[in-house]
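Heads up: the structure comes next, in structure tokens.
The values are calculated or read from the model by the stated rules, or taken from the named source; none is laboratory data. All values reported here derive from a predicted model rather than from experimental measurement. Cβ placement follows ideal geometry from the backbone for every residue including glycine, while neighbour counts extend to all protein chains displayed.
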């Protein structure tokens with residue numbers, strides 16, 4: 001009975017050792033083995049390995065390149081302009097033992113790396129003007145930041161692959177003031193354009209009124225000239241007609257007067273001796289002998 005119990009206990013212990021003692025390392029991992037809190041060994045190759053359960057601990061770390069993408073921060077340039085910079089950094093764990101001893105895990109490494117990158121970026125931006133950061137000096141600035149951060153992060157077992165600026169903006173209050181200045185400038189330009197347009201319109205209207213007055217004056221002059229010529233021609237014709245036959249001329253003129261003054265419902269009260277009734281009273285046109293009272 002005791003032998004059976006011992007065999008069962010040994011089997012359980014063997015099972016525990018078999019399940020807890022074996023561990024695997026994948027292609028994307030590297031492992032630091034500690035023994036009662038003390039460093040034992042580093043495993044970087046993928047495979048199946050054995051450890052002493054409860055006595056040795058397996059600390060796993062990423063072998064792949066990681067990214068540090070923190071919220072945008074505000075920086076000050078050499079010409080005292082404020083910028084909001086959104087940057088991203090790629091990094092990897094180059095020395096698992098130093099990494100484990102200094103920052104312990106990825107959250108600790110991200111916090112330490114964020115401090116390093118921010119301080120280096122702040123130092124670099126403080127040496128350049130606002131306009132340069134948006135143009136030719138942007139890439140060189142980030143290369144210097146990555147190099148300085150790589151040197152400082154090496155003591156923590158971290159390798160900074162590169163650091164890049166994703167976006168550069170002005171602070172929100174500065175953006176609003178810039179928009180207001182742009183709006184005021186556009187309003188000033190629009191006001192100037194409207195004033196120039198109104199001035200041009202006034203000049204065009206004045207020129208048109210002037211030309212209108214000239215054209216009307218010329219037309220009136222021409223009409224008066226033509227009317228005068230017509231009246232002169234009519235007078236000449238009347239004179240010729242009168243000279244040829246005065247009585248016939250008087251008859252035609254009287255008919256014209258009748259046509260102009262007498263209608264179908266016209267009523268005239270005239271003296272019987274009125275010249276207008278000469279041809280109505282006496283078709284021959286001869287004056288009637290005067291009657292003695």
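Hey, any hits in segment 238-251 for a residue that's assigned to a loop (DSSP other than H, G, I, E, B), surrounded by 10 or more Cβ atoms within 10 Å (Cβ to Cβ) and without any contact (Cβ under 8 Å) to a residue 12 or more places away in the chain?
yes
Kindly establish whether residue 217 is part of a helix (DSSP H, G or I), touching a residue at least 24 places away in the same chain (Cβ under 8 Å) and surrounded by 10 or more Cβ atoms within 10 Å (Cβ to Cβ).
no
Among the residues of segment 125-170, which ones are touching a residue at least 40 places away in the same chain (Cβ under 8 Å) and in a loop (DSSP other than H, G, I, E, B)?
Residues satisfying the conditions are 126, 127, 128, 129, 157, 170.
Restricted to segment 36-57, and to residues that are more than 14 Å from residue 100 (Cα to Cα) and assigned to a strand (DSSP E or B), which residue is nearest to the chain's Cα centre (by Cα)?
Result: 47.
Within segment 201-213, can one find any residue that is without any contact (Cβ under 8 Å) to a residue 24 or more places away in the chain, more than 47 Å from the chain's Cα centre (by Cα) and assigned to a helix (DSSP H, G or I)?
Within segment 201-213, one or more residues are without any contact (Cβ under 8 Å) to a residue 24 or more places away in the chain, more than 47 Å from the chain's Cα centre (by Cα) and assigned to a helix (DSSP H, G or I).
Restricting to segment 63-85, and then to whatever is in a strand (DSSP E or B) and surrounded by 15 or more Cβ atoms within 10 Å (Cβ to Cβ), can you tell me which residue is farthest from the chain's Cα centre (by Cα)?
The selected residue is 66.
How many residues are modelled with pLDDT of 90 or more and under 30 Å from residue 112 (Cβ atoms) when one looks only at segment 166-204?
Selection size over segment 166-204: 0.
Of these, 67, 92, which one is closer than 30 Å to residue 171 by Cβ and modelled with pLDDT of 90 or more?
Answer to the selection: 67.
Which of the residues spanning segment 139-158 are exposed (fewer than 15 other Cβ atoms within 10 Å of the Cβ) and touching a helix residue (DSSP H, G or I) at 6+ places or on another chain (Cβ under 8 Å)?
155 - this is the single residue of segment 139-158 that is exposed (fewer than 15 other Cβ atoms within 10 Å of the Cβ) and touching a helix residue (DSSP H, G or I) at 6+ places or on another chain (Cβ under 8 Å).
Do we find that residue 89 is in a strand (DSSP E or B) and assigned by TED's automatic domain parsing to the domain that holds residue 165 in this structure?
Considered against the rule, which asks whether it is in a strand (DSSP E or B) and assigned by TED's automatic domain parsing to the domain that holds residue 165, residue 89 comes out as yes.
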